[in-house]
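Worksheet: the structure to be examined is printed underneath.
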Amino acid sequence: MTEPMGGTQTVRLTISWLVVGIPIVYGLYMTIKSVLPLFGG
Amino acid sequence: MALSFLDRDHTVASPGYSRWLIPPAALAIHLCIGQAYATSVYKTALVQHFDTSLTAIGIIFSIAIVMLGVSAAVMGTWVERVGPRAAMFTAACFWSTGFLIASLGVASSQLWLVYLGYGFIGGIGLGIGYISPVSTLIKWFPDRPGLATGMAIMGFGGGALIASPLSRQLMALYDPNYDPTDAKSVASGGAVAALFLTLGIVYFIVMMFGVFTVKVPAPGWSPAGFDPARVKAKPLVTTANVSAARAIKTPQFWLLWTVLFCNVTAGIGILEQASPMIQDFFREGGESSVASTAATAFVGLLSLFNMAGRFVWSSTSDFLGRKPTYVMYLGVGMILYVLLATAGHTATAVFVLLAGIIISFYGGGFATVPAYLRDLFGTYQVGAIHGRLLTAWSAAGVAGPLIINGFLDAQGKPGELVAADYRTALFTMVGVLAIGFIANLLIRPVADRFHESAEHTDAFAEATASDEASASGRR
């Protein structure tokens with residue numbers, strides 16, 4: 001069996017990276033926010 | 001059958017399956033198990049809830065890290081045989097069950113249940129989960145193994161960045177009296193129990209996403225435009241294969257074990273002491289010019305350097321070569337430690353920059369080592385060899401804090417130390433890095449006598465063929 005190509009593959013890739021990307025962005029945002037006092041922010 | 005999704009038929013990718021689906025599958029596992037670095041968030045709450053010492057609560061994390069090393073070393077060959085899907089599923093079950101049992105332990109005020117749940121059972125999930133995507137990533141990215149493993153192992157660093165703020169927000173939700181913005185506010189035991197229950201469920205769902213997404217490439221697959229001859233042309237990169245059992249009999253394995261041990265020992269020394277260290281470096285007349293909130297922020301900043309180093313340096317090693325990359329980690333690391341000891345107290349920015357680069361090398365050392373193993377021992381059982389090498393991490397987890405705390409205890413009391421009190425400990429770390437530097441320089445290609453015969457190239461495919469042969473024999 002061949003995996004679906006084109007649009008379906010793109011959707012799957014997008015969802016997969018969003019599942020892990022959104023938590024990473026959340027973690028980075030919260031950490032950068034907590035780091036600001038070090039620079040007087 | 002309910003678990004048919006773990007079958008080998010479902011694990012081998014069909015033609016057209018994008019290899020860029022594998023890094024998010026690996027990240028789904030590593031982002032979850034990386035929570036292990038965020039235990040400090042609820043440490044005080046557990047101390048109060050169980051009315052015990054910080055040491056008694058610290059044991060939970062220690063058991064988990066010891067179990068990580070033990071299970072990665074012991075289960076590595078099994079992980080190679082059953083493939084990433086079954087291994088990730090097992091890791092998800094252990095990791096989540098660990099949280100659920102720990103939640104029960106907190107709710108019923110039974111500390112031993114937390115040791116058993118989070119420490120012992122969760123620790124097994126940590127070890128299996130850590131190594132489960134490694135060899136799969138290397139098979140999908142023979143052209144960029146450093147990039148691929150760097151992405152996954154970056155997730156382990158990133159897991160704490162997510163779990164720390166998320167845990168604070170969830171505990172505030174479960175305990176209205178807890179204020180996450182107030183450093184003195186402590187959450188109730190009930191809030192921690194509910195947090196563990198939530199994390200156990202959420203992590204299981206996210207890890208199952210990884211389970212359903214991960215696949216191994218079909219035998220003989222290679223990425224478009226990939227020329228194995230170019231890989232072979234690089235120094236120290238083999239196209240032969242060495243089994244895990246044989247690898248631990250080679251000097252290369254133990255030299256690399258020493259390299260990882262030294263790199264991690266030096267890095268943990270700073271990570272362990274980060275918050276009081278920055279305050280001590282800028283203490284004059286008993287008062288530090290760095291506020292405790294800024295010191296906490298410094299720990300967060302180091303986490304960012306740790307995470308970034310894993311991805312950036314491991315990816316760069318694909319171009320620099322693995323041995324020169326470790327020459328940089330250990331050689332430049334020595335210079336940075338000397339600068340930290342002698343000039344770190346001159347300005348906060350200098351201190352932060354030096355410590356940040358050192359920690360990026362610490363993270364980079366973790367992320368680059370699977371690709372180094374693949375260069376030396378081939379892809380056959382690289383995940384299992386990686387599992388055995390991680391015992392260096394467990395050993396360094398004991399040695400690093402012992403060295404730094406031992407020297408600092410001899411210098412004075414916490415809260416009264418100054419920059420000069422750190423010099424002996426930091427110069428000792430320079431010596432530790434020098435040992436790792438020499439060990440790295442001594443690494444040569446593995447002797448031919450350790451190589452497997454040509455038919456041993458893929459442990460997973462071999463296990464599949466063996467199972468099919470025994471099944472047809474029974475028919």
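What follows is calculated from the coordinates using simple rules that are stated; it is not laboratory data. No experiment lies behind these values; they were computed from the predicted model shown. Here the Cβ positions follow ideal geometry from the backbone for every residue, glycine too, while neighbour counts run over all protein chains shown.
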query = What residues qualify as long-range amide H neighbours of B:V216, i.e. H under 5 Å apart, gap of 5 or more or another chain, H built at 1.01 Å from N?
reply = B:V12, B:A13
message = Using Cβ contacts closer than 10 Å as the measure, can you line up B:H451, B:H10 from fewest to most?
response = B:H10, B:H451
key: Segment B:A454-B:A291, length gained on full extension (0.36 nm per residue, minus Cα span)   = 52.5 nm
Average beta carbon contacts from partner chains per residue of B:151-159, 10 Å cutoff = 2
query = Of B:E80, B:E455, how do they rank once you tally other Cβ atoms within 10 Å and put the fewest first?
reply = B:E455, B:E80
query = Which of B:I101, B:I358 comes first, and how do the rest follow, when ranked by fewest Cβ neighbours within 10 Å?
reply = B:I101, B:I358
inquiry  = Are there DSSP H segments in chain B that both extend 20 Å or more along their axis (alpha-carbon positions) and score a mean Kyte-Doolittle hydropathy of at least 1.0? List them, or say none.
reply    = B:54-82, B:84-107, B:189-213, B:348-377, B:423-441
query = If one computes the Cα centroid of segment B:315-356 and of segment B:363-412, what distance in Å separates the two points?
reply = 18 Å
Averaged over B:15-25, number of beta-carbon atoms from partner chains that fall within 10 Å = 5
